[in-house]
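What follows draws every value from the coordinates through simple rules; no lab data is involved. In this text the structure is predicted, and so the values were computed from the model without any measurement. Virtual Cβ from ideal backbone geometry, glycine too; neighbours counted across all protein chains shown.
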Amino acid sequence: MLALVRELYAVEDRAKGLCEEARSDLRRRESVPVLGRIKTWLDEEGRIVLPRSPMAGAIGYMLNQWDALRVYATRGVLAIDNNAAGRALKRVAIGRKNWLFAGNDRAGQTAAILYSLIASAERHGVDPQRYLTSVLAKLAITPAGELDQFLPDVWRREDQAEPQVTARR
């Protein structure tokens, strides 16, 4: 089974950088047959394993989700897994316990705002440290009506438009 899953991810490695249509075509040609072999393996192993074993539970779960599992192979826009979502949520899960000790409600609210800014900056391809350093330096002297300039997508456009100053030696 692990070898079959490796084959699926090898196809995904080749699919990186392809347009949606080309990715779909590649998956149909190469991933769909591998998925067929996986389904055969699941059916055969499902008849052999003990009904209440952890392996039977895993096989049963996979067979129950089979239709949803194989959809990615026909749609180039979909990812093979949900690892990106898992990575995004991991920070929340790890921090949850720490946030219980923010000190007080105002500190918790401040932490939530900063976390939202960091996540938004990352989503827009902005280096969070550079972004926050710039924004926090200007925030106190900026009128309330001009705060939109600090939205990560707006900040990024303006930052890219400014000529970069390099330090002289």
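Using the Cβ-Cβ distance between Tyr115 and Asp43 with R0 = 41 Å, the FRET efficiency computed as 1/(1 + (r/R0)^6) comes to roughly 0.35.
Neighbours of Val71 by Cβ distance under 15 Å: Lys/Arg scored +1, Asp/Glu scored -1, total +2.
Where does the charge balance sit around Leu26 when Lys and Arg score +1, Asp and Glu -1, over other residues with C-beta under 12 Å from its C-beta? Computed value for this residue: 0.
Structural size metrics of region 69-169, computed from C-alpha coordinates, are Rg and Dmax of 18.3, 58 Å. The C-alpha atoms of the chain define a longest principal axis, and helix 2-15 lies at about 50 degrees to it.
Note on Ala102 and Leu4: their simple-model spin labels are 4.7 nm apart, each label 7 Å out from Cα toward Cβ.
Just in region 38-105: which chymotrypsin sites (Phe, Trp or Tyr not before Pro) are loop by DSSP and have at most 10 other Cβ atoms within 10 Å? The partial results should precede the final answer.
Numbers: sites: Trp41, Tyr61, Trp66, Tyr72, Trp99, Phe101; in loops: Phe101.
Within region 38-105, the qualifying chymotrypsin sites (Phe, Trp or Tyr not before Pro) (loop, at most 10 other Cβ atoms within 10 Å) are Phe101.
Just how large is the dipole of the chain about the Cα centre, in debye to the nearest 20, putting +1 at every Lys and Arg Cβ and -1 at every Asp and Glu Cβ?
Numbers: 26 positive and 21 negative charges, 94 e Å.
Rounded to the nearest 20 debye, it is 460 debye.
Rounded if a/c is under 1.5, else prolate if a/b beats b/c, else oblate: with a ≥ b ≥ c from the C-alpha gyration tensor eigenvalues square-rooted, which is region 1-123? Walk me through the numbers before you get to the answer.
Numbers: a/c = 3.98, a/b = 1.63, b/c = 2.43.
Here region 1-123 falls in the oblate category.
Let me know the shape class of region 2-74, please: from the alpha-carbon gyration tensor, a ≥ b ≥ c as square roots of the eigenvalues, rounded when a/c is under 1.5, otherwise prolate if a/b is greater than b/c, or oblate. Taking the square roots of the gyration eigenvalues as a ≥ b ≥ c, region 2-74 is prolate.
In the chain, the longest principal axis of the Cα atoms and the axis of helix 105-123 are about 70 degrees apart. Of the residues Ala84, Ala107, Val135, the one whose Cα sits farthest toward the positive end of the charge dipole of region 83-161, with +1 on the Cβ of Lys and Arg and -1 on the Cβ of Asp and Glu, is Ala84.
With respect to the chain, whose longest principal axis is taken over its alpha-carbon atoms, helix 32-48 is tilted by about 60°.
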